[in-house]
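Read through the structure below, which is laid out as structure tokens, and then see the notes.
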Amino acid sequence: MDRPADSPDPVVLVVEDDRAVRDLIEVLFAAEGIDVRTARDGLEGLLKLRMHRPAVVVLDIMMPDVGGLRVLDELAEEHSDTPVIVVTGKPEAADEARKRLGNANVFNKPFEVEDLLLRVQQIVGGEG
């Protein structure tokens, strides 16, 4: 689903190691006309972040190798203006993410994908 980096639509980067969750988010967002890029781990996420300069990053915290907290640290250093929404199934990780991002941008698994979509639309639309 990758389009050129000069695509006029805002890009949402989804970094999620669970393929079913990643695919569900991608399909729902794409159906709403959102330009979605996906990454299956933190390392790929960092590479795609540099390539596509997304309007929003949807980031799983608990991933193998380069985890979400490390990606969050790199985002804070290199792309502090890029909004991040965290999804996680671990309460401790959710607490840490809330300290950094606030409640509105942290979703506990399982979550309603429609709620995540609404939050992304708010951010992309300038309401967030």
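Among residues of region 95-128 being surrounded by 19 or more Cβ atoms within 10 Å (Cβ to Cβ), among the aliphatic types (A, V, I, L, M) and without any contact (Cβ under 8 Å) to a residue 40 or more places away in the chain, the one that is farthest from A30 (Cα to Cα) is A97. Looking only at region 28-80, residues that are surrounded by fewer than 19 Cβ atoms within 10 Å (Cβ to Cβ), more than 19 Å from Q121 (Cα to Cα) and basic (K, R) come to 3 in all.
Do the conditions hold for E32, that is, is it closer than 16 Å to L117 by Cβ and more than 13 Å from the chain's Cα centre (by Cα)? In short, yes.
The single condition from (1) of a type outside the set (K, R); (2) modelled with pLDDT under 95; (3) touching a strand residue (DSSP E or B) at 6+ places or on another chain (Cβ under 8 Å); (4) surrounded by 16 or more Cβ atoms within 10 Å (Cβ to Cβ) that D9 fails is (4).
For every residue, the table says whether it meets (1) farther than 18 Å from V12 by Cβ; (2) at pLDDT below 90; (3) hydrophobic (A, V, I, L, M, F, W, C); (4) in contact with a strand residue (DSSP E or B) (Cβ under 8 Å, 6 or more places away or on another chain).
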residue: A76; (1), (2), (3), (4): yes, yes, yes, no
residue: R100; (1), (2), (3), (4): yes, yes, no, no
residue: N105; (1), (2), (3), (4): no, no, no, yes
residue: L117; (1), (2), (3), (4): no, no, yes, no
residue: G126; (1), (2), (3), (4): no, yes, no, no
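Among the residues of region 8-26, those that are under 18 Å from V124 (Cα atoms) and without any contact (Cβ under 8 Å) to a residue 60 or more places away in the chain comprise P8, D9, V11, L13, V14, V15, E26.
The values are calculated or read from the model by the stated rules, or taken from the named source; none is laboratory data. This structure is a prediction, so every number in the text was calculated from the model and none was measured. All Cβ positions, even for glycine, are placed from backbone atoms using ideal geometry, and neighbour counts span all protein chains on display.
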